[in-house]
């Protein structure tokens, strides 16, 4: 019989408690860590030549936060915000599941107030914002007050020097009505293009690959794959998996629907490249083993 997420994490937690070291680390130490991962993003001008990592002098830097699952703003959340500010990014992207209860908007507001207000920010929805039926208009207002634009099947144009970046934010694949065609309507392709999609498997769905056959993805449009191919985005940024939340030496026994074959980190097997953040928060039980919370910093030499 297949275990639910709660049953699986509870089983691992019980097993971990047998070893005091694993138990303490999984419940008390690792969830409180803030790992800063650093990445170089392939430029569009060199991606076609097969370059994965290019210039060591970045044209733009940005930070990805994901899966905050905010319950309250305390020491850990303050350390996360301080880490983001210390990196001095040109902009910040937040890839969904910031809250998982509709009464946590004030906590989100408090957290966002800790971030540098002048730094532009772009956010998308995850499955939990939909599942908890948060007031999306109120959520958008909370983001807007913190210089953050909530993108729901929308594209923002971010200018940096003489270059422009398209930042396309898609609605959640599982609970929303995702539409690339709507998000890019009236937009002309540009070489520097980020797609923000909460579920990692969304990239494969847009490429007309169905690794989780039998599932009916909500909001799919037949023309989305064609639009996705025409725009040829540089990179897709996702979260959702929490790195498995319990990751045993690279093996994550449980991942939520919508993860596909992905756990965390880079997946460059096909274009566009996919980066899956381990995120910050937790669900069901406050445990992380082998999947520390992550603030991801990217350096990007623009075309």
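Taking the condition touching a helix residue (DSSP H, G or I) at 6+ places or on another chain (Cβ under 8 Å) and either crowded, with 22+ Cβ neighbours inside 10 Å or farther than 27 Å from residue 233 by Cα (or both), does residue 103 pass? Write out each step before concluding.
Details: touching a helix residue (DSSP H, G or I) at 6+ places or on another chain (Cβ under 8 Å): no; either crowded, with 22+ Cβ neighbours inside 10 Å or farther than 27 Å from residue 233 by Cα (or both): yes.
No; evaluated as a whole, the condition is false for this residue.
Every listed requirement among (1) in a helix (DSSP H, G or I); (2) buried (at least 20 other Cβ atoms within 10 Å of the Cβ); (3) touching a helix residue (DSSP H, G or I) at 6+ places or on another chain (Cβ under 8 Å) is met by residue 84 save one, (3).
Let's see how each residue does on (1) closer than 27 Å to residue 181 by Cα; (2) over 18 Å from the mean Cα position of the chain (by Cα):
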{"site": "69", "(1), (2)": "no, no"}
{"site": "78", "(1), (2)": "no, yes"}
{"site": "113", "(1), (2)": "no, yes"}
{"site": "134", "(1), (2)": "yes, yes"}
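Listed residues 214, 219; which is in a loop (DSSP other than H, G, I, E, B), at pLDDT below 95 and over 20 Å from the mean Cα position of the chain (by Cα)? Even if it seems obvious, please write down each step before you answer.
On the way: 219 fails: over 20 Å from the mean Cα position of the chain (by Cα).
One residue alone meets the criteria, 214.
Within region 223-258, the set of residues being surrounded by 14 or more Cβ atoms within 10 Å (Cβ to Cβ) and farther than 30 Å from residue 302 by Cβ comprises 242, 244, 245, 246, 247, 252, 254, 255, 256, 257, 258.
Scanning region 273-301 for residues that are surrounded by fewer than 21 Cβ atoms within 10 Å (Cβ to Cβ), at pLDDT 90 or above and not in a strand (DSSP E or B) turns up just one, 292.
The values are calculated or read from the model by the stated rules, or taken from the named source; none is laboratory data. Remember, predicted model here, so these are calculated numbers, not experimental data. Because the Cβ atoms are built from the backbone with ideal geometry, glycine has one as well, and the counts that use them run over all protein chains shown.
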